[in-house]
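The values are calculated or read from the model by the stated rules, or taken from the named source; none is laboratory data. Just so we're clear, the structure is a prediction, and the values are computed from it rather than from any experiment. Cβ: placed from backbone, ideal geometry, glycine included. Neighbour counts: every protein chain shown. Keep in mind that these areas ignore ligands, DNA and RNA; they rest on the heavy atoms of the full protein, side chains included. Shrake-Rupley method; radii C 1.70, N 1.55, O 1.52, S 1.80 Å.
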Amino acid sequence: PIMRGTDIFASMRSVELLKYFAGIERALRSTGIDVLTMNTEYGAGPQLEITYAPSWDTMGGDIAWQYKRVVKEWTRLHAKSALSDTIPIHDNEQLLATFMCRPFFQQLGLDFYGGASCGGHLNFSLWSKDRSSNLMEDERHASGLSSIARRFLAGVLEHASALSAFAA
């Protein structure tokens with residue numbers, strides 16, 4: 001990990017990462033991904049949160065895959081030079097962007113089951129064909145979720161281990 005300590009929305013960490021953020025944003029925008037926010041996130045090590053605008057239909061999955069590819073490749077190729085002014089990086093160190101939950105917990109001396117986690121995640125919703133109604137919402141149900149949403153979530157839970165192949 002390139003940083004030690006726990007930070008969330010830390011201004012000093014964001015300043016240290018300014019060139020990295022700028023490079024990632026340019027790379028993402030060049031592929032058509034509309035970046036909304038970038039900030040340091042809670043947890044030990046260099047956890048960052050980058051959000052982008054939602055999309056309709058199957059584009060969401062395509063953009064999620066493209067987002068991960070751009071961040072991983074740009075980091076592998078350019079992050080070292082973008083960060084070298086503010087963060088000491090040894091010549092033999094290689095920087096890696098990952099969307100895995102706690103990939104370096106042992107090196108940080110952390111308990112896997114304690115503290116904050118990181119990881120890529122995808123927010124999703126289901127809308128009517130004319131995009132006027134959220135089909136996952138039902139104010140009459142105690143949970144606020146429609147029967148479609150409850151069945152959808154049951155399917156996600158049933159197939160979570162197989163679906164993780166698309167998220168790692």
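On inspection, Ser146 passes the criterion of being over 28 Å from Met38 (Cβ atoms) and either at pLDDT below 70 or open to solvent by less than 60 Å² (accessible area, probe 1.4 Å) (or both).
Taken together, Ala64, Ala82 contain a single residue that is modelled with pLDDT of 85 or more, under 24 Å from Ile24 (Cβ atoms), small (Gly, Ala, Ser) and not in a loop (DSSP other than H, G, I, E, B), which is Ala64. Listed conditions (1) in a helix (DSSP H, G or I); (2) modelled with pLDDT of 95 or more are all met by Ser161, apart from (2). Just so you know, in the stretch 1-51 the residues that are surrounded by fewer than 18 Cβ atoms within 10 Å (Cβ to Cβ) and among the small types (Gly, Ala, Ser) include one that is modelled with the highest pLDDT, and it is Ser30. Does the stretch 102-122 contain any residue that is within 15 Å of the chain's Cα centre (by Cα), open to solvent by 80 Å² or more (accessible area, probe 1.4 Å) and modelled with pLDDT under 95? Yes, because at least one residue in the stretch 102-122 is within 15 Å of the chain's Cα centre (by Cα), open to solvent by 80 Å² or more (accessible area, probe 1.4 Å) and modelled with pLDDT under 95.
Which numbered condition trips up Ala97, out of (1) more than 21 Å from Ala165 (Cα to Cα); (2) in a loop (DSSP other than H, G, I, E, B); (3) open to solvent by less than 40 Å² (accessible area, probe 1.4 Å); (4) at pLDDT 70 or above? Unmet condition: (1).
The set of residues in the stretch 25-41 being part of a loop (DSSP other than H, G, I, E, B) and touching a strand residue (DSSP E or B) at 6+ places or on another chain (Cβ under 8 Å) consists of Ile33, Asp34, Glu41.
I'd like the full set of residues that are small (Gly, Ala, Ser) and more than 20 Å from the chain's Cα centre (by Cα), limited to the stretch 140-168. Correct list: Ala142, Ser143, Gly144, Ser146, Ser147, Ala149, Ala154, Gly155.
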